[in-house]
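Heads up: the structure comes next, in structure tokens.
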Amino acid sequence: MVYKYVKDILKYHEKVEPFEKNIEGYKWWKMNYDRQSIYRGFLPFFGYILSIYANNPYVYYMNNCYNLMNKYGHYIFGVAYDKDMEVKYYVYGVPGRYVATDQPCQGMTGFISWYPLEDREPEKGDYGYWLLHIDSKTGNAVFPMKPTVPPMN
């Protein structure tokens, strides 16, 4: 049911391949983010990005999703499929560099994996996306990828 809703929404957004080496089984869409679209969080589980700020006053003093999405003007939304092409995860990707200060809320909000744009060993300052995976059946944040420990600035 949720997937049909997601498919209907995604047909209005640009399908992209943000990575030189895509993650197997993932499809991505670019979601523009600006002052007009800031509160149009109509994708499922966008509340993960919105509600984390209400529960933790310290996130205002860290780099967070809002700062990064405003800085780069977008985020990516992905759907990860299993081997039978059933939806396994919904994924939010927030753009950022491979440095500790660009990790949203220092990883406390589920953005613990970073994936590079270029297919090579990442170096400090490279660009990519911080990823948050959400289980399609339970709606819970999950961690299927190895956590990324970014270098300090």
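Bear in mind that the values in this text are calculations on the coordinates, not laboratory data. Bear in mind the structure is a predicted one, so any value in this text is a computation, not a measurement. In this analysis, Cβ positions are derived from the backbone assuming ideal geometry, glycine residues included, and neighbour counts consider all displayed protein chains.
Which of Lys4/Lys146; Lys7/Lys124; Lys30/Lys124; Lys15/Lys146; Lys83/Lys146; Lys21/Lys124 have a Cα-Cα distance over 27 Å? Could the numbers behind the result be given before it?
On the way: Lys4/Lys146 29 Å; Lys7/Lys124 36 Å; Lys30/Lys124 25 Å; Lys15/Lys146 25 Å; Lys83/Lys146 20 Å; Lys21/Lys124 19 Å.
The answer is Lys4/Lys146; Lys7/Lys124.
Taking amide hydrogens as modeled 1.01 Å from N in the peptide plane, which residues meet the under 5 Å criterion relative to Asn64, leaving out close sequence neighbours?
When sequence neighbours closer than 5 places are left aside, the close amide H contacts are Cys105.
Can you pull the one-decimal nm distance between simple spin-label points at Ile23 and Asp135, each 7 Å off the Cα toward Cβ?
For the pair Ile23/Asp135, the computed spacing is 1.7 nm.
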